[in-house]
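Here's the structure, in structure tokens; my notes come after.
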């Protein structure tokens, strides 16, 4: 089966810094993958490259066999690590915006989740707290029926109670053939929903494995292994 | 998709421009009222201070419209596409052409509206029996010219309108390509954009003066001496339109190339 995401010798440099250095990896369809690594290991850079927000310095990255472009953007749902929505728009206006541009967006799902998290659709983004803004962003991103979800730090800014709800939302919202890539360093929180892990270290792949393998063969949790691999 | 982009672009900008236009309208009416009340003897009427304040506010609004139109043209392109908001815009399943075109079209519309409304408002304030007479005489002689010269006059007017529109689009694209070039400078993007803008201006000036010198020395201008004046104006305008359109096309494809192949959002 063709992988949904593939990197071949992918390299990205910033002035005076190498963010990714010859990364080769694949993400198969229907998997939930943890993209794990310490700060500055290249997680966000990789995800931004997959969204076409950055241009590779070398190598290539393919989404469903094609370089990022209008076609790949139809099937990729991306949650950036920052707040990127227009402050002056209301939640309702943003739902309409997403529904307008993404054919796979379900308004029903979005309003359902908003209600569950007690976010009123009439409020302007400006008036919401940072955590609530992040929840709105995640709801918008997860209300799509995409083939690939790229979630950059989806639970970084929200409280532990909402974290559980969000993780549940992620696993209950994606369909069998869809893949989810979650970048985070809050490993113990996401560990239970992951199928595979990719460890990034200073712009290179330090380890790829299924979570089952880590548990069975090494007899460790992902969190323990992470602490071992990235011991300071 | 272009239609949807246009819709949101108008929404995002309309919330700034429409209140400004409304203010312009209100203060035009207010000043007109004061002017007709005072009609000559301001000192005597005791309305000196309100008249002065209303006029000051009016001038401020006109200046604000000019400034906001320029700033919005820059900000909607720079902020919406190349800062955090670009994370949203560039992950939409929309082509780069649609992005540039929607911004260009909306910026052009607001620039035209701002110009038309400002001029109209000054006309309303200036309107007096004398002024109206002069205006109607001007319009009459204009219409007369149409009757006298016929087709060439229509052609020249049409060309003038096209030239204004093409120049407007090219100026906006000049700003866009400068911002896009600035984006290539990794750390000082705003400075890069400013530098690019002045450099483009400098290069154009340079090429233009080379062309003028060559044309003068080569006696090229002499060859037009026997041309009919109407034909000369017609061809001159056509040439200006073509040159401006060519510049606009260069700016457009430069912007497109950078956004398509060199995008690196922070």
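The values are calculated or read from the model by the stated rules, or taken from the named source; none is laboratory data. This structure is a prediction, so every number in the text was calculated from the model and none was measured. Please note: Cβ atoms are built from the backbone with ideal geometry, for glycine as well, and neighbour counts cover all protein chains shown.
For segment B:222-231, what are the residues that are surrounded by 11 or more Cβ atoms within 10 Å (Cβ to Cβ) and either more than 16 Å from residue B:157 (Cβ to Cβ) or out of contact with any helix residue (DSSP H, G or I) (no Cβ under 6 Å at 6 or more places or on another chain) (or both)?
B:224, B:227, B:231
Between B:265, B:259, which is modelled with pLDDT of 90 or more, within 14 Å of chain A (Cβ to nearest Cβ), surrounded by 14 or more Cβ atoms within 10 Å (Cβ to Cβ) and outside any helix (DSSP H, G or I)?
Being modelled with pLDDT of 90 or more, within 14 Å of chain A (Cβ to nearest Cβ), surrounded by 14 or more Cβ atoms within 10 Å (Cβ to Cβ) and outside any helix (DSSP H, G or I) holds for just one of B:265, B:259, which is B:265.
Do any strands (runs of 3 or more DSSP E) entirely within segment A:176-227 hold 2 or more residues that are at positive phi and surrounded by fewer than 20 Cβ atoms within 10 Å (Cβ to Cβ), and if so, which?
Working: elements: A:179-184, A:196-201, A:204-210.
Those strands (runs of 3 or more DSSP E) do not exist here; none qualify.
Yes or no, residue by residue, for (1) within 14 Å of another protein chain (Cβ to nearest Cβ); (2) out of contact with any strand residue (DSSP E or B) (no Cβ under 6 Å at 6 or more places or on another chain); (3) more than 14 Å from residue A:185 (Cβ to Cβ):
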| site | (1), (2), (3) |
| --- | --- |
| A:9 | no, no, yes |
| A:12 | yes, no, yes |
| A:16 | yes, yes, yes |
| A:19 | yes, no, yes |
| A:22 | no, no, yes |
| A:31 | no, no, yes |
| A:36 | no, no, no |
| A:41 | no, no, no |
| A:44 | yes, no, no |
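Tally time: how many residues in segment A:150-168 are within 15 Å of residue A:110 (Cβ to Cβ) and buried (at least 21 other Cβ atoms within 10 Å of the Cβ)? So that I can check it myself, show each step before the final result.
In the first step, residues of segment A:150-168 are kept if they are within 15 Å of residue A:110 (Cβ to Cβ); the result is A:165-166.
Filter once more, so that each one left must be buried (at least 21 other Cβ atoms within 10 Å of the Cβ): A:166.
Matching residues across segment A:150-168 total 1.
Those residues that are part of a loop (DSSP other than H, G, I, E, B), in contact (Cβ under 8 Å) with a residue 24 or more places away in the chain and more than 14 Å from every other protein chain (Cβ to nearest Cβ), I need them from segment A:95-127; list them, please. Steps first, answer last, please.
Taking segment A:95-127 and keeping what is part of a loop (DSSP other than H, G, I, E, B), we get A:102-104, A:106, A:117-123.
After this cut, where a residue has to be in contact (Cβ under 8 Å) with a residue 24 or more places away in the chain as well, the list is A:102-104, A:106, A:117, A:119-123.
Correct list: A:106, A:117, A:119, A:120, A:121, A:122, A:123.
Just a yes or no: is a residue in segment B:164-185 over 24 Å from residue B:249 (Cα atoms), touching a helix residue (DSSP H, G or I) at 6+ places or on another chain (Cβ under 8 Å) and surrounded by 10 or more Cβ atoms within 10 Å (Cβ to Cβ)?
Here is the first cut: in segment B:164-185, the ones over 24 Å from residue B:249 (Cα atoms) are none.
No, because not a single residue in segment B:164-185 is over 24 Å from residue B:249 (Cα atoms), touching a helix residue (DSSP H, G or I) at 6+ places or on another chain (Cβ under 8 Å) and surrounded by 10 or more Cβ atoms within 10 Å (Cβ to Cβ).
Sort out which residues of segment A:57-82 are assigned to a loop (DSSP other than H, G, I, E, B) and over 19 Å from the mean Cα position of the chain (by Cα), and write them in order of number. Working first, answer last.
Residues of segment A:57-82 that are assigned to a loop (DSSP other than H, G, I, E, B), as a first pass: A:57, A:64-65, A:67-69, A:80-82.
Within segment A:57-82, A:57, A:65 qualify.
Go over the candidates B:245, B:238, B:249 one by one and state the one that is under 30 Å from residue B:84 (Cα atoms), in a helix (DSSP H, G or I) and out of contact with any strand residue (DSSP E or B) (no Cβ under 7 Å at 6 or more places or on another chain). Don't jump to the end; show me each part of the working.
Numbers: B:245 fails: under 30 Å from residue B:84 (Cα atoms); B:238 fails: under 30 Å from residue B:84 (Cα atoms).
The match here is B:249.
Since residue B:85 meets every condition but one in (1) crowded, with 19+ Cβ neighbours inside 10 Å; (2) under 30 Å from residue A:50 (Cα atoms); (3) in contact (Cβ under 8 Å) with a residue 40 or more places away in the chain, which condition does it not meet?
Residue B:85 satisfies all of (1) crowded, with 19+ Cβ neighbours inside 10 Å; (2) under 30 Å from residue A:50 (Cα atoms); (3) in contact (Cβ under 8 Å) with a residue 40 or more places away in the chain except (3).
Within segment A:54-67, how many residues turn out to be surrounded by fewer than 22 Cβ atoms within 10 Å (Cβ to Cβ) and either under 18 Å from residue B:265 (Cβ atoms) or facing chain B (nearest Cβ under 9 Å) (or both)?
Taking segment A:54-67 first, the residues surrounded by fewer than 22 Cβ atoms within 10 Å (Cβ to Cβ) are A:55-60, A:62, A:64-67.
Of the ones still in play, those that are also either under 18 Å from residue B:265 (Cβ atoms) or facing chain B (nearest Cβ under 9 Å) (or both) are A:55-57, A:67.
Qualifying residue count, segment A:54-67: 4.
Residues B:132, B:37, B:138: which one is in contact with a helix residue (DSSP H, G or I) (Cβ under 9 Å, 6 or more places away or on another chain) and either surrounded by fewer than 16 Cβ atoms within 10 Å (Cβ to Cβ) or outside any helix (DSSP H, G or I) (or both)? Explain how you work it out, then say what you get.
On the way: B:132 fails: in contact with a helix residue (DSSP H, G or I) (Cβ under 9 Å, 6 or more places away or on another chain); B:138 fails: in contact with a helix residue (DSSP H, G or I) (Cβ under 9 Å, 6 or more places away or on another chain).
Of the residues listed, the single one that is in contact with a helix residue (DSSP H, G or I) (Cβ under 9 Å, 6 or more places away or on another chain) and either surrounded by fewer than 16 Cβ atoms within 10 Å (Cβ to Cβ) or outside any helix (DSSP H, G or I) (or both) is B:37.
Does residue B:21 qualify as being more than 15 Å from residue B:117 (Cβ to Cβ), modelled with pLDDT of 95 or more and away from every other protein chain (no Cβ under 14 Å)? Can you show your working first?
Working: more than 15 Å from residue B:117 (Cβ to Cβ): no; modelled with pLDDT of 95 or more: yes; away from every other protein chain (no Cβ under 14 Å): yes.
So residue B:21 does not fit the description; no.
Filter segment B:186-200 down to the residues that are within 14 Å of chain A (Cβ to nearest Cβ) and either in contact with a helix residue (DSSP H, G or I) (Cβ under 6 Å, 6 or more places away or on another chain) or loosely packed, with under 12 Cβ neighbours inside 10 Å (or both) and list them by number. Even if it seems obvious, please write down each step before you answer.
If we filter segment B:186-200 for residues that are within 14 Å of chain A (Cβ to nearest Cβ), which is where we start, we get B:186-189, B:192.
Residues satisfying the conditions are B:187, B:188, B:189, B:192.
Got a number for residues in segment B:86-116 being away from chain A (no Cβ under 14 Å) and either under 13 Å from the mean Cα position of the chain (by Cα) or assigned to a loop (DSSP other than H, G, I, E, B) (or both)?
Residues flagged as away from chain A (no Cβ under 14 Å) and either under 13 Å from the mean Cα position of the chain (by Cα) or assigned to a loop (DSSP other than H, G, I, E, B) (or both) within segment B:86-116 amount to 13.
State all residues of segment A:107-120 that are within 18 Å of residue A:86 (Cα to Cα) and surrounded by fewer than 16 Cβ atoms within 10 Å (Cβ to Cβ); if no residue qualifies, say none.
A:120 - this is the single residue of segment A:107-120 that is within 18 Å of residue A:86 (Cα to Cα) and surrounded by fewer than 16 Cβ atoms within 10 Å (Cβ to Cβ).
In segment A:68-84, which residues are facing chain B (nearest Cβ under 9 Å) and surrounded by fewer than 21 Cβ atoms within 10 Å (Cβ to Cβ)? Break it down stepwise before answering.
First pass over segment A:68-84, keeping only residues facing chain B (nearest Cβ under 9 Å): A:69-78, A:80, A:82-84.
Once the filter is applied, which keeps residues that are facing chain B (nearest Cβ under 9 Å) and surrounded by fewer than 21 Cβ atoms within 10 Å (Cβ to Cβ), segment A:68-84 yields A:69, A:70, A:71, A:74, A:75, A:82, A:83, A:84.
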